[in-house]
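First the structure, in the form of structure tokens, and then the observations on it.
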Amino acid sequence: MNGSFEPEDAALDPGTAAARATEAILHSTLHGTERGVVVDSPPGAGKSTLVVRAARELAAAGRPLMVVAQTNAQVDDLVDRLATADPDLPVGRLHSSEANPYDTVLDRHPSVRTSAKAADLAGLDVVISTAAKWAYVSNVEPWQHAIVDEAYQMRSDALLAVAGLFERALFVGDPGQLDPFSVVGAEQWAGLSHDPSASAVSTLLAHNPELPQHRLPVSWRLPASAAPLVSDAFYPFTPFRSGTGPGDRRLAFAVASDGSAPDRVLDEAAEAGWGLLELPARNTPRTDPEAVRAVAAVVRRLLDRGTTAASERSEEPVPVTADRIAVGTAHRDQAAAVRTALAELGVPGVAVDTANRLQGREFDVTVVLHPLSGRPDASAFHLETGRLCVLASRHRHACIVVCRAGVAELLDEHPSTEPVQLGATVKFPDGWEAMFSTWEFWSRHRVPWQP
Amino acid sequence: MSLMTTLARMEAVAAGRAQPAATVRHRHLSARPMALVPLTTAGEAGAPLGALVGTDRDAPRLLVVPQPRDRDLRFAFLAGLADAVLPYLEGYADGVETEERKETDPETGKKVPVEVELCADAPQLLVPGAGGVEFVRLLGRSMRFRRTAEQDPQAPYPAPPHVPLLGRWLTHCAERARVPGSSMLLSMTDLLARHWATGQSGLEDQHLGALLAWIDPPVGESGADAALRVELERFPDAASSGEQAGLLRHPPSGPATDPVFDNRLLAPAMARFDAARSAVERRDAERRIRELVASQLEPAWQLLWRGVDLLRKLPEGGHVADRWKRDRWSYTGHRDRVRAGEPPQPKRDDAVTAAQKLASRETAQARLEAQEALDDPLVMAARRLAGEAFAGEVTEVVMARSEGRRPMPRPLVTVRTDDRPHVNDGVRVFRVLGDKVQSAEFVAYEPDGIVLRLTGGMGQGKEPKPGSVPEEGDRLCWTLFEHAPRGGPALPDPEATPWTHGGPPPEGTLVADAPDPPTDEDLL
């Protein structure tokens, strides 16, 4: 890894360490001489808070600011946070001209102006939109400053289309999440510094290696049980720690276990923060009906047993309701199958989605259908570290992995065989290695499923 | 691999022969394609060994390099290839029609219609497999920067005339082949595998002989047996098959050769050529090598044309001509660049060109997927099975209108279907309506079907245009994907490349790439 990560003092308490990192980032952004600043943020490390704070301070310093996010949901969320934090700050939400282009929640904020035309929002302190919409903005005076949010999810060619709009920028993102992808082959550009299918940050740093790189050292989302595994497996060179200690987060059940596999895996997850519900080894279609039923059963029992969560946020344990639970899958058809299975069990309101769509979201408990479950092969798609990292880092309390047995054997039979591309940066950790280390860890929390 | 493809492959295994994966032909097939079967030298990347080339299946032209490591002989081969291929490639340059296109007027900045030439047809190169496409690309790369004596009298090893030009054309074809749905340079194995599903893996499908054995097995033999035989069968011992002993009975379709052939026959023949002292010896040795290379090329030549015959039996898909027109635009564009005296394509794309190519290929991919589904019920069935489309009968139509100052018709249509599409709130769906597209949005699941709200295709009036609202009993097919995906936003000019991507390229590098400087490792 190149770059200039400031050494972190492990002796500092998490709050102080995080505050120092934030100060250093804001100092680079407001007073630095370089055109760009890059901030790496592990899951739940307060990236959105940082973006809101940086935006407010830049605006306060009299520097008009454009913010680039990747999806409309991210943009709406940012505008809402910004307007809530500072109701007097004039914020523009640039949106598409399609029907229902933005979340109507924004209409509650009098300081937020919405428009499909950039010219209508000229002069506002902060203007926020998606990269896709910014790419159509032309013939405007460039902004002095920009914040590019989720920059590791942004493709290099998307940055190319918008980089002419700003002079300097703060790039914020999570390097461990899913890389951007292309539906057509892009091998012919592999290894070029401006490979259009690479992430915006890799292109930026390849051309501007001197830019200061910072990172946020503390995950406030992940519990003490999860941070070490996620950090070791997915961020081996940029470790982070949990903002909470062991025992700060507790799950409890009003109803005792009935001895069934779903109940036992719930008990294990409440105890250890992780649970692995292992189905018998078998090659299955993607929408493995048995695994889908197992996922649904775990969610059903989680709700039926009156689960409560105690954390640093409140004195009293809080009920874990359906909206605090998520199910994560690798494929859309798997998510659809789980939704159907949950509907049959009469469970509404649980978020069921693919890793791509769960990025950036947070829940108390997650149930994950392992990407390699039941597969006869381990393709590059299924081995992608980012996919597993997203699935394993959405929870505040516990994560339950549902999988067919035999992942270790499958991995042994499918060593990485991707062609080596000259000049391309080798991505660490390797997906194969991350799959193996997480699998080994989860195996210690295994509960076998008897159908 | 989609579930449908998996099913088709399992059916192929059960039936012992390939199953149709399409009911129409999804690629343009020229009335007069040029077939090119190249062979390369083992262990010597980019050193051609020989080729069969031509538009007449009964009269291919055989080109052979008796000693591929000899630069002069290689140039002679390339000159021969240029002689055979260039007239064909350039033969479509003058038959033009005119098209109206909107262009930005540099003075007013407004879009104004202009008349431009479009070549009425374009050349089509067919190679046996994906390796052939790569080899065409490699040939193009190795030729386009060469200098002829005319271009540069100082060049140490001047290339024969036309060789750099052929390099530029082959580069264009190979680059175009990366655009999904394009048909200027096609590999026969890819073409056949698109239209038939065999009972073997995708990797095995790259063997043209085995693939054809699955699709069209000999009478009395199953496709699986025939494919295995074609892949592995070798001539028996020397007593019964002479010098062919141990060779593959069905040589691979190139560009790589059978190693046994290389070792037992080709290497000694080349050694004889190298050792030849007299013109007669040399001529005899060369004739021998020509015979050997021809023996490896001819089977692939026949297989390739057999594939053409099979594909010609399929009717052409409805949108194929639309995609071929884009190939014709690309052909016309390259013709114009050559005529304008522009330099050859650069070694590497700059940031803006790379991003533009990626964006246009992604659009082409989306367009191809949509058009194939619309052209072919079998492809649409796969999309329906994947939850990306649904077909059903209209059970109810309720007139409704939008709110606002000028209420527009927004009828609610209930469609009963056995498909299980991935629709939820806000999802837009599309259907073909005449030569237009009608859009609708998902409203709700009802016991008797999926309720949709029509949002377009009904004209601008207060009442919907006649025939634009479906009626009870109509059978409709809705897709969750757009039928004509649009391209992305404009990118900056290469001269305005932003600082994040390295800034504008240094003066001069945009125009021409200098040839590679010779290094100590350049032994040839």
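The values are calculated or read from the model by the stated rules, or taken from the named source; none is laboratory data. Source: prediction; values computed, not measured. Quick reminder, even Gly has a Cβ in these numbers, built from the backbone with ideal geometry, and neighbours come from all protein chains shown. Heads up: the accessible areas ignore ligands, DNA and RNA and are worked out on the full protein's heavy atoms, side chains in. Shrake-Rupley method; radii C 1.70, N 1.55, O 1.52, S 1.80 Å.
Brief remarks on what is shown
- Per residue, region B:158-266 exposes 38 Å² of accessible surface when a 1.4 Å probe is rolled over the protein heavy atoms with every protein chain present.
- Calculated on the alpha-carbon coordinates, the convex hull of region A:191-308 measures out at 176 cubic angstrom per residue.
- Cross-link reach is defined here as a Cα-Cα straight distance under 23 Å, omitting same-chain residues fewer than 8 places apart; for A:Lys47 the lysines meeting it are A:Lys133, A:Lys427.
- Taking a straight line from the alpha carbon of B:Lys465, these aspartates and glutamates sit under 18 Å away, with near neighbours fewer than eight places off in the same chain left out: B:Asp435, B:Asp474.
- A:His194 sits among other residues whose Cβ lies under 11 Å from its own Cβ, and their net charge, with Lys and Arg +1 and Asp and Glu -1, is -3.
- Entry comment: accessible area of chain A is 41 Å² per residue, from protein heavy atoms only and a probe of 1.4 Å.
- Calculated FRET efficiency for the pair B:Ala484/B:Glu396, C-beta based, R₀ 35 Å, to 0.05: 0.75
- Global geometry of region A:46-178, whether rounded, prolate or oblate, following the gyration tensor of its Cα atoms and the 1.5 cut on a/c: rounded
- Burial of accessible area (probe 1.4 Å, heavy atoms of protein chains only) in region B:348-363, relative to its chain alone, reaches at least 20 Å² for B:Arg348, B:Asp349, B:Ala351, B:Ala354, B:Ala355, B:Leu358, B:Arg361, B:Glu362.
- With all protein chains kept in place, the per residue accessible area of region B:373-479 amounts to 55 square angstrom at a probe of 1.4 angstrom.
- Over 17 Å [Cα-Cα, region B:192-235], rounded percent: 22
- A DSSP coil position with no more than 10 other Cβ atoms inside 10 Å describes the following chymotrypsin sites (Phe, Trp or Tyr not before Pro) in region A:147-241: A:Phe237.
- Neighbour cut-off at most 16 other Cβ (10 Å), DSSP loop, trypsin sites (Lys or Arg not before Pro), region A:399-451: A:Lys427, A:Arg444
- Inter-label distance, B:Arg348 to A:Gln421: 1.2 nm, where each label sits 7 Å from its Cα along the C-beta direction.
- Net charge dipole, the protein assembly as shown: roughly 1140 debye, given to the nearest 20, about the Cα centre with Cβ charges of +1 for Lys and Arg and -1 for Asp and Glu.
- For region B:373-479, the dipole from Cβ point charges (+1 on Lys and Arg, -1 on Asp and Glu) about the Cα centre works out to 540 debye, to the nearest 20.
- Anisotropy class of region B:1-140 from Cα gyration tensor, a/c 1.5 cut: oblate
- 5 angstrom amide H check on A:Gly92, placed H, neighbours 5+ away: A:Arg113, A:Val126, A:Val127, A:Ile128
- DSSP-defined antiparallel bridges as percent of all bridges, the protein assembly as shown, nearest 5: 50
- Computed over protein heavy atoms with a 1.4 Å probe, the carbon and sulfur contribution to the accessible area of the protein assembly as shown reaches 52%.
- A Cα-only calculation for the protein assembly as shown places Rg and Dmax at 31.4, 101 Å.
- Projecting the Cα atoms of B:Pro411, B:Trp478, B:Gly392 onto the dipole axis of region B:377-509, where Lys and Arg carry +1 and Asp and Glu carry -1 at the beta carbon, places B:Pro411 farthest toward the positive end.
- Cα gyration tensor, region B:373-479 - rounded (a/c under 1.5), prolate or oblate: prolate
- Mean-position separation - Cα centroids, region A:117-170 and region A:372-447, in angstrom: 35
- Look at the dipole of region A:92-236 built from charges on Cβ: of A:Pro110, A:Ser129, A:His207, the Cα furthest out on the positive end belongs to A:Pro110.
- Backbone geometry of region B:480-486 corresponds, through the Karplus equation with coefficients 6.51, -1.76 and 1.60 at θ = phi - 60°, to 3J(HN,Hα) couplings of 8, 9, 6, 7, 10, x, 8 Hz, x marking Gly and Pro.
- Modelled spin-label separation between B:Arg32 and A:Ala190, with each label point placed 7 Å from Cα along the Cα-to-Cβ direction: 4.1 nm.
- Residues in region B:62-79 that a label on B:Ala276 would reach, taking backbone N under 18 Å of a point 7 Å out along Cα→Cβ: B:62-78
- Placing unit charges on the Cβ atoms of the charged side chains and taking the dipole of chain B about its Cα centre, the candidate lying farthest along the positive direction among B:Met458, B:Leu248, B:Leu297 is B:Met458.
- Under-5 Å amide H pairs with A:Ser219, H placed in peptide plane, nonlocal only: A:Arg241, A:Ser242, A:Gly243
- Charge dipole of region B:321-389 (Cα centre as origin; +1 on each Lys and Arg Cβ, -1 on each Asp and Glu Cβ, all else neutral): 300 debye, rounded to the nearest 20.
- Virtual spin-label span in nm between B:Ala14 and A:Asp258, 7 Å along Cα→Cβ: 3.9
- Chains B and A, summed buried accessible surface - 1.4 Å probe, Å², nearest 100: 2600
- The alpha-carbon of B:Lys462 sits under 23 angstrom from the alpha-carbons of these lysines, leaving out residues fewer than 8 places away in its chain: B:Lys436.
- Alpha carbon centroid spacing (whole Å) that separates region B:471-498 from region B:408-467: 18
- Interface burial in region A:171-185 reaches 20 Å² or more for A:Val183, A:Val184, comparing the full protein assembly with the chain by itself; accessible area from heavy atoms with a 1.4 Å probe.
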